1. Which condition breaks for residue 158 when tested against (1) modelled with pLDDT of 95 or more; (2) more than 19 Å from residue 216 (Cβ to Cβ)?
2. Say whether the condition of being of a type in the set (A, V, I, L, M), without any contact (Cβ under 8 Å) to a residue 24 or more places away in the chain and open to solvent by 40 Å² or more (accessible area, probe 1.4 Å) is met by at least one residue in region 326-337.
3. Among 304, 235, which is surrounded by 20 or more Cβ atoms within 10 Å (Cβ to Cβ), in a helix (DSSP H, G or I), modelled with pLDDT of 95 or more and polar (S, T, N, Q)?
4. Consider residue 249 carefully, then state whether it is open to solvent by less than 10 Å² (accessible area, probe 1.4 Å), in contact (Cβ under 8 Å) with a residue 60 or more places away in the chain and not aromatic (Phe, Trp, Tyr).
5. Checking the condition in contact with a strand residue (DSSP E or B) (Cβ under 8 Å, 6 or more places away or on another chain), of a type in the set (Gly, Ala, Ser) and surrounded by fewer than 19 Cβ atoms within 10 Å (Cβ to Cβ), which residue from 341, 314, 375 passes?
6. Considering only region 354-372, how many residues are open to solvent by less than 30 Å² (accessible area, probe 1.4 Å) and farther than 25 Å from residue 295 by Cβ?
7. Considering region 41-65 alone, what residues qualify as being within 17 Å of residue 254 (Cα to Cα) and in contact with a Leu (Cβ under 8 Å, 6 or more places away or on another chain)?
8. Answer with yes or no whether residue 239 is in contact with a Leu (Cβ under 7 Å, 6 or more places away or on another chain) and over 21 Å from residue 160 (Cα atoms).
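The values are calculated or read from the model by the stated rules, or taken from the named source; none is laboratory data. Owing to the predicted nature of the structure, the values given are computational and were not obtained by experimental measurement. Cβ: placed from backbone, ideal geometry, glycine included. Neighbour counts: every protein chain shown. Heavy atoms of the whole protein, side chains included, go into the accessibility calculation; ligands, DNA and RNA do not. Shrake-Rupley method; radii C 1.70, N 1.55, O 1.52, S 1.80 Å.
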Amino acid sequence: MKKMRRLVAVLLAAMMVLSLSACGGGDSGSDGTGSAGGESSGEGKIGLMVGTVAISEEEYRSAEAWQNELGEDKVVIQTYPDNFMSEEETTISNMLSLVSDPDIKVVIFLQGVPGSSAAITRAKEVRPDILYINGGPNEDPDVACEAADICIDYDNYSAGAQMADRAKEMGAETMIYYSFPRHQGYEKVAYAGNQCEERCKELGIEFVRVTIPDPQSDAGTAGTQQFIVEDVPKQLETYGPNTAFFDTNTMSTPAVIKAVYDAGEGIYMNPSQSSPFNGYPEALGISVPEDKTNDYEWMIQAIQDKLAETGDNGRFSTRTIPNVVMEMNTSVEYALAYLNGETGGEKVDMDVMKEALIKAAGTDDVSFNTYDVNGLKYDNFALVMGPWTML
């Protein structure tokens, strides 16, 4: 049945492409944008493939904010399944459904969970004209960059050392690093962890790896969070109040923040998906009004006010601009520039991508690099970071 649904989706998408070719007529330009000179008039829709509110509210709310701003006739939202590890065929099917709309000219997949590259590759078979952007790819760069036209991600390759520096700045003597085998199989996560460990050694910080249950395993999110709630106090008892914590998964983040907060000691430098919205509202019991769900400045102030009530300011921090927001907004700004012909019809223009980042962030106090790690270079992979904020 799954194979039959997949076949039908592929055939429908293929028929749509053929009908477009017949109706569009003539030369669509070598760049595939649908304009003779290789430049777009700004017409066309942007498809956003994101997680559900249940798995990543920030992803969905960021997409929703753009849909509200530009209109449903300009931005189409599709979701990937919550159980993406076991439902790759559904991810592919949802992607094919998205690109079956002939007006879709750009697709942004964020975050690029395992299966995103397969979905993009399959979509390209029927819609090669579309610009595909993979945000926060959780697959190896060679896989992600081969499938997507552009990849954009938080600069994990600089973040590890900066995480250790931040911990030292906040008074850490020990760092507890929570993760699990699946995440350590992601090249960027493993790289950042190893870099953080090396930098901790240089700074005289004891680095301790602790394996937690994978929320995608039978334990589920509840099992992961229960482990954290029980383990944080044990680590503080063992290593003392100047113990810093970092976890590599968004599902564990609320539990770590709450456990550190409830303990009245310990340090939490940054959520893995660096954002004031990642874990902090749930952990601190902050209710976020509907009109503030994408307002990170409001969220930062709300967290600071909450921590001030108990004298806990200075034990927590985050990046000022949330990773997901920064990647989403940069990608959409780039998509708009592309549709408006500002890339000269080229799908990849990193100068325009950098300008899109600055526009999205509202400041030039940002870090922008292309992937150049361990001798491997990918000119279509943008690595970005924003400034820190103490909470």
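1. (1)
2. Checking region 326-337: not a single residue is of a type in the set (A, V, I, L, M), without any contact (Cβ under 8 Å) to a residue 24 or more places away in the chain and open to solvent by 40 Å² or more (accessible area, probe 1.4 Å).
3. 235
4. Answer is no for this residue.
5. On inspection, the qualifying residue turns out to be 314.
6. Summing the residues that are open to solvent by less than 30 Å² (accessible area, probe 1.4 Å) and farther than 25 Å from residue 295 by Cβ in region 354-372 gives 1.
7. 59
8. Answer is no for this residue.
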